[in-house]
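The values are calculated or read from the model by the stated rules, or taken from the named source; none is laboratory data. Every value quoted in this text rests on a predicted model; they were computed, and no experiment measured them. Glycine gets a Cβ as well: all are built from the backbone with ideal geometry, and neighbour counts include every protein chain shown. SASA here: full protein model, heavy atoms, side chains in, ligands and nucleic acids out. Shrake-Rupley method; radii C 1.70, N 1.55, O 1.52, S 1.80 Å.
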Amino acid sequence: MSALFQRHRVLQRSTHRLLSPASSPAPSLRDLNRSGIKILVPKSPMVQVQEQDQDQSRPLPDCVPASSPALEVSPERVTSVCMALMLNICICKSPGAALMEGVANGGGVTAAKRRLDERFDKRLRFSVRQTESAYRYRHLVVRKQDSFTHIILSTRNSQNNALNPEVMRELQGVMAMAACDDSKLLLLSSVGPVFCSGLDFLWFIPKLTEDRRRESTRMAETLRTFVNSLVQFPKPLVAAVNGPAVGLGAAILALCDVVWANEKAWIQTPYAQYGHTPDGCSSYTLPLIMGPAAAGELLLGGRRLTALEACSKGLVSQVLWPHTFNQEVQQRIRELLSADAQVLKESKSLIRSWSRSGLEQTNERECEALKRIWASTEWTEAILEYLQKPQEF
Amino acid sequence: MSALFQRHRVLQRSTHRLLSPASSPAPSLRDLNRSGIKILVPKSPMVQVQEQDQDQSRPLPDCVPASSPALEVSPERVTSVCMALMLNICICKSPGAALMEGVANGGGVTAAKRRLDERFDKRLRFSVRQTESAYRYRHLVVRKQDSFTHIILSTRNSQNNALNPEVMRELQGVMAMAACDDSKLLLLSSVGPVFCSGLDFLWFIPKLTEDRRRESTRMAETLRTFVNSLVQFPKPLVAAVNGPAVGLGAAILALCDVVWANEKAWIQTPYAQYGHTPDGCSSYTLPLIMGPAAAGELLLGGRRLTALEACSKGLVSQVLWPHTFNQEVQQRIRELLSADAQVLKESKSLIRSWSRSGLEQTNERECEALKRIWASTEWTEAILEYLQKPQEF
Amino acid sequence: MSALFQRHRVLQRSTHRLLSPASSPAPSLRDLNRSGIKILVPKSPMVQVQEQDQDQSRPLPDCVPASSPALEVSPERVTSVCMALMLNICICKSPGAALMEGVANGGGVTAAKRRLDERFDKRLRFSVRQTESAYRYRHLVVRKQDSFTHIILSTRNSQNNALNPEVMRELQGVMAMAACDDSKLLLLSSVGPVFCSGLDFLWFIPKLTEDRRRESTRMAETLRTFVNSLVQFPKPLVAAVNGPAVGLGAAILALCDVVWANEKAWIQTPYAQYGHTPDGCSSYTLPLIMGPAAAGELLLGGRRLTALEACSKGLVSQVLWPHTFNQEVQQRIRELLSADAQVLKESKSLIRSWSRSGLEQTNERECEALKRIWASTEWTEAILEYLQKPQEF
């Protein structure tokens, strides 16, 4: 009984967190200081941009408790969102395990979050060696080294490197810088066992309870801008896919110029399964890359592709062995970097020139469709049902 | 000698049948009643449409005997058409074997046809279980079940599920209905060992002896409309390819959104071999799906692809084991059906939006080219030569 | 010491040859007479066209010695060009070995060249059987046989069948004829262990020392016209790839309709590695055929594909065994030739109709980019550095 009660409290707290994402925008730096990474820019330049952005468009919402009468979605539904979240944590052993551990120890979500951060940073210590040019953003670690920019996705307020507007805006900011500086290319990888689990629904669903239509429009606009910034990025985009890439996380691979995948990685676009139409231009890229029959099974049936299958279908350039993945990526990056910056840029421009307008139009259409879908209450039902199913990462 | 004489009589009769396809439009229902299938629509709604259609455009032709002086193709040629037909029957053991059996027993074509029908229906008893929503059309069995429409091709007046205008119009009619009703998707499969052998040349060649130019134009128009109805079908098109798919039968797979193939199936587009240019948008879809070099070998060289090869090239989504093919298809269909109808429709719309105009233009061009080719006497020579070669199905 | 001196003399001579390519335009026919090939057109009809062309556009340059003060590139650089050439010869055992042999024997480049020619012709005796319709051009052997045209690349003034304007103009001339005569298709193969090593930089670099901007524009224009003539060729283009295809040599494969590769062949487009942007429409064709991730690795990273990999990615139709390669090609060609000429032509037209404008636009853009790149002195540095690395063929 007491365990059940404790669980209820945790649920309430986590719901609270879910519904008030902007209440703690400043990243805790304590754990970072403990880690080996030397930080040059202690506060993300993105956070400011983002705060401004939020200020302009709407006032910071007050903390809305889970039982608020203003909620469009019933409390039972919200509880089920949290149940979905809990389930998610249970299944996704690491790094969610740290969070779960915290929960089990009665430490609450905040303590669990802190331990999660520590874990992240410990992992970063391996992949980001001590170098003076590692910048810690809120959701990214950015390394500028050997004439390329390396973005390491390590989201703070989303599980499994899911993409919410905060994360997307940070990524866009770094990409905008990398487009202008002396970087020859942009390498995208991520911390943890999951490369990217797509859109952050746990962030997004509670938002919809405020003003469904407005939030859907905002989210669609954010997504549109983010995907366009990938489509229009002028230098080679290289992805090092260490683990599962799901939904938007898989779709962005098709917008990259080189994709190296860990053999343990897998690709899935279960859009229809979560009541969605395709995003990230996948309705254009996947059929073009692998043919409509293969793409149909992915986009409509949510079939999961192993890294090797994805490679044979053209979505992945090469599959690398897990235990030497990082070294192999490093070596291949060095080979790419032997080319001239201008040549790489012009080659990329030529390679993408014929598909750019198609991609932009598709992005427009996809976001338009998603806006409509998100604005419907049926979608919330569908996505909640999906999230309640065990997600094996 | 007497056997030879009998053969000649059979030939004459079959020629007669070939040259007067509209003489027996009403399907015999006796055999169906004997089979286990409960018929809701005893007469195909398509037959009426089609009769009307024929009435409007031209008077029903009188029976034209093989030796008619009005024929453009010489009697020897017509005999060779029939020889081709005979050869075809000899090689294609089943279901043609039933026809051959009837011939051997001196029962004539009509009796043989009846036995063929029985065979078909016996086979249907396995694949179409007794359900109140199975409709028997003349060339199709249509099942409405679990929110999807299942079309089972089982042509009556063509071998190996070849597509003649009658069959195409029936398919179009069912597709038009499935586009509007509550079906989430359309599953296309077929009865017998062959999925679809493409255009029904044995139906078409005798037609050309009447008015070559007019008939070529009519056929091209019918084909154009049929292929466009596939291109424009608004819901996911799923094909379960139980056996060989040849020519147009292979081309339509590239217009489907999901294609599951029996491991025994194979794909071939021997267009050049029968003096043809590509049809069914294959000149657009195949190079796009598998690259021009691979597509060139198929479209120009008529190379045969095994199901596994077709899968590795992106024409087939998955290859399934023969002995559990139907169960596997059923299971995968159920998975697809778990998605929302509107989401499936919108996803399909997005997936096809960028290629639709290209497909329609290609269809236009292909039918234009075929019209010219069919109108030439050289083509009849070419196709007769092709048909005389043993067709291994 | 004396060996070193001798080397220097050889270098000077070869530089001399490099810088005065038009000084010996008439092909030596002595060796050909000795070989088994019966020549119908003793002088290539192309040579005349080409001479005219050269006369119109510019006066024949006087022999410019390597130490000429008019040279933009320093003598040390030119020496390094030659060093690159020498290195190339050392590594590329055959047919370069003959040249090297001549050098070792102190016979000078001319003698070595003669022996090289003999080798070529000896090899031709195997692949071109004595037939009255074999035409010896300067850089090609053209066979008209069984209603198809067979071009066998065997360049005289470039190593490894590299393409310089002379070779490209000859190819264009033969293609223009094959487009109009009764050939059903055009088969492209080559003599020697290398199919085609792409653009002939050893020919091109010394040209740049004269008037960099003008020569870059001329070369870009020549390339544009050559690639367009491939794109617009109205009949099926078949390539029999006996050995490595590099750069432009690989890019033209994607413009062919059927590509059969020897299992020993490999494909590489190390454009970025030699400071280049893609040519031969490869920035359009490769991403379309194999997806951007796979194409990116090829075009940006210069990854080498084995014939089997190229086949699985759709760039090659089929991989054939080395020791029966020619027979297999012959047999498959016969199969293709069984089709009607008009049908092959119209099918090709349909297959390419939807991509033609995209290809032409890409060709335009690519040549525009190359013109800019070639006009920069940085490029000469880059390409010289690349050429100095051992090229393993």
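In region C:203-221, how many are open to solvent by 10 Å² or more (accessible area, probe 1.4 Å) and in contact with a Cys (Cβ under 9 Å, 6 or more places away or on another chain)? Here the count works out to 1. Assess whether residue A:347 counts as being in a helix (DSSP H, G or I), within 14 Å of chain C (Cβ to nearest Cβ) and surrounded by fewer than 16 Cβ atoms within 10 Å (Cβ to Cβ). No; evaluated as a whole, the condition is false for this residue.
The numbered conditions (1) facing another protein chain (nearest Cβ under 10 Å); (2) under 21 Å from residue A:273 (Cβ atoms); (3) open to solvent by less than 10 Å² (accessible area, probe 1.4 Å) are all true for residue A:314 except (2). Every listed requirement among (1) in contact with a Phe, Trp or Tyr (Cβ under 9 Å, 6 or more places away or on another chain); (2) away from every other protein chain (no Cβ under 14 Å); (3) open to solvent by 10 Å² or more (accessible area, probe 1.4 Å); (4) under 22 Å from residue C:141 (Cβ atoms) is met by residue C:161 save one, (3).
Provide a single number: the residues in region A:263-273 that are crowded, with 24+ Cβ neighbours inside 10 Å and either more than 14 Å from chain B (Cβ to nearest Cβ) or within 17 Å of the chain's Cα centre (by Cα) (or both).
4
Examine region C:276-285 for a residue that is within 23 Å of residue A:335 (Cα to Cα) and modelled with pLDDT under 95, and state whether such a residue exists. Yes, region C:276-285 has at least one match.
Consider residue B:198 carefully, then state whether it is on the phi > 0 side of the Ramachandran plot, in contact with a Leu (Cβ under 9 Å, 6 or more places away or on another chain) and in contact (Cβ under 8 Å) with a residue 12 or more places away in the chain. Spelling it out, residue B:198 is indeed on the phi > 0 side of the Ramachandran plot, in contact with a Leu (Cβ under 9 Å, 6 or more places away or on another chain) and in contact (Cβ under 8 Å) with a residue 12 or more places away in the chain. Within region C:275-295, the set of residues being at the interface with chain A (Cβ under 7 Å from one of its Cβ atoms) and more than 20 Å from residue A:240 (Cα to Cα) comprises C:275, C:276, C:277, C:278, C:283, C:284. Just one residue in the set C:327, C:361 is more than 26 Å from residue A:295 (Cα to Cα), in a helix (DSSP H, G or I), more than 10 Å from every other protein chain (Cβ to nearest Cβ) and modelled with pLDDT of 95 or more; that residue is C:327.
Residue A:349: in the same structural domain as residue A:273 (by TED's automatic domain parsing) and without any contact (Cβ under 8 Å) to a residue 12 or more places away in the chain, yes or no? It is false that residue A:349 is in the same structural domain as residue A:273 (by TED's automatic domain parsing) and without any contact (Cβ under 8 Å) to a residue 12 or more places away in the chain. Just one residue in the set B:383, B:333, B:373 is open to solvent by 10 Å² or more (accessible area, probe 1.4 Å) and either touching a residue at least 60 places away in the same chain (Cβ under 8 Å) or at the interface with chain C (Cβ under 10 Å from one of its Cβ atoms) (or both); that residue is B:373.
Please work out if residue C:361 is under 24 Å from the mean Cα position of the chain (by Cα) and either under 18 Å from residue C:179 (Cβ atoms) or open to solvent by 50 Å² or more (accessible area, probe 1.4 Å) (or both). So residue C:361 passes the test. Among the criteria (1) open to solvent by 60 Å² or more (accessible area, probe 1.4 Å); (2) within 29 Å of residue A:278 (Cβ to Cβ); (3) at the interface with another protein chain (Cβ under 7 Å from one of its Cβ atoms), the one residue B:356 does not fulfil is (3). The set of residues in region B:157-211 being part of a loop (DSSP other than H, G, I, E, B), of a type in the set (A, V, I, L, M) and either within 28 Å of residue A:300 (Cβ to Cβ) or not assigned by TED's automatic domain parsing to the domain that holds residue B:381 (or both) consists of B:185, B:191, B:194. When region B:135-156 is limited to residues that are under 12 Å from residue B:184 (Cβ atoms) and in a loop (DSSP other than H, G, I, E, B), the one that is least open to solvent (accessible area, probe 1.4 Å) turns out to be B:147.
When residue C:239 is tested against the conditions (1) in a helix (DSSP H, G or I); (2) aliphatic (A, V, I, L, M); (3) under 14 Å from the mean Cα position of the chain (by Cα); (4) under 26 Å from residue C:324 (Cα atoms), the lone failure is (1).
Scanning region B:176-212 for residues that are of a type in the set (Ser, Thr, Tyr), modelled with pLDDT of 95 or more and farther than 21 Å from residue B:245 by Cβ turns up just one, B:183. Of the numbered criteria (1) within 14 Å of chain C (Cβ to nearest Cβ); (2) under 20 Å from residue A:187 (Cα atoms); (3) touching a residue at least 60 places away in the same chain (Cβ under 8 Å), the one residue A:243 fails is (1). On the basis of being in contact (Cβ under 8 Å) with a residue 12 or more places away in the chain and either open to solvent by 30 Å² or more (accessible area, probe 1.4 Å) or within 13 Å of chain B (Cβ to nearest Cβ) (or both), does residue C:298 make the cut? It is false that residue C:298 is in contact (Cβ under 8 Å) with a residue 12 or more places away in the chain and either open to solvent by 30 Å² or more (accessible area, probe 1.4 Å) or within 13 Å of chain B (Cβ to nearest Cβ) (or both).
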